[in-house]
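The structure appears right after this line, and notes come after that.
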Amino acid sequence: MILELLEATGRLQELGALVYVVYTIVQELRWRPVETTIEWRVPGIIGLIGLIGLLNTGLLPPSGVDLGLLAIAVVAALGSGAAAGLLTRLRPLAPATRAKLEARRVRGGRWARASIPEHEGRTGWVGVALWVVTLGVRYGIELVGEHLDARIAETTGLALLVVALYELGRSGAIAWRAGRRESQTPSSSRPSTPPPL
């Protein structure tokens, strides 16, 4: 009974990760503000849950095959995420979007303490393709793990970790690019933002 409950919980977590991926894909298909300080939170939480899930599997210490498959998953997720971030199109924040963010800032919430971003980005269909590659590698690793008896590669913790690493790679690359663009933009041409209330 307990094992069945744990398996059901794991599948629910994996379903939650897939729902998050679909939500992210929808977001990447449209222009949205580059929130460099806020975008780290959700992937960080998902990654922490995935890491705890991996450590609590009772399958430690991992075998060499486990470690090899985990390394492939980590490299694929970070690499695909960084590629998505590097291929994301950036443009200055649209005046209408800036007005909406400033109105939200006045009302409070998460924008009350955060600065208004200078850029907005859109990954587009290339992001969808990179997600497909990332998830294909993850489920390919699970399939190989079944044949090689690498049980850690089959865990839900790995699925959550892959999603988090992709998002961290993408957010990191976008933040790096946005920072470079801001440093190359003369300060006099940047729109002024009012100080936080």
Quiz item: So how far apart, in nm, are the two label points at W176 and K100 if each is 7 Å from Cα heading toward Cβ?
Solution: 2.9
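Please report the net charge: other residues with Cβ closer than 14 Å to the Cβ of E120, K and R +1, D and E -1. Don't skip to the answer; put the middle values down first.
On the way: positive: R30, R32, R89, R91, R98, K100, R122, R177, R181; negative: E28, E35, E39, E118, E182.
With Lys, Arg at +1 and Asp, Glu at -1, the net is +4.
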Self-check item: Label-point separation in nm, Q184 to L87, each point 7 Å along Cα→Cβ
Solution: 2.1
Self-check item: Portion, in percent, of the accessible area of region 37-177 that falls on carbon or sulfur, probe 1.4 Å
Solution: 68
Quiz prompt | Tensor-based shape of region 93-169 (alpha-carbon gyration tensor, a/c under 1.5 rounded, otherwise prolate or oblate) | solution = prolate
Self-check item: For W31, net neighbour charge (Lys/Arg +1, Asp/Glu -1) across residues whose Cβ lies under 12 Å away
Solution: +3
Quiz item: On average, how much accessible surface per residue is there in region 37-177, in Å², for a 1.4 Å probe, leaving out ligands, DNA and RNA?
Solution: 49
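The values are calculated or read from the model by the stated rules, or taken from the named source; none is laboratory data. Here the structure is a predicted model, which is why all the values come from computation and not from measurement. As a convention, Cβ positions derive from the backbone with ideal geometry for all residues, glycine included, and neighbour counts pool all protein chains shown. Accessible surface areas use protein heavy atoms only, side chains included; no ligands, DNA or RNA. Shrake-Rupley method; radii C 1.70, N 1.55, O 1.52, S 1.80 Å.
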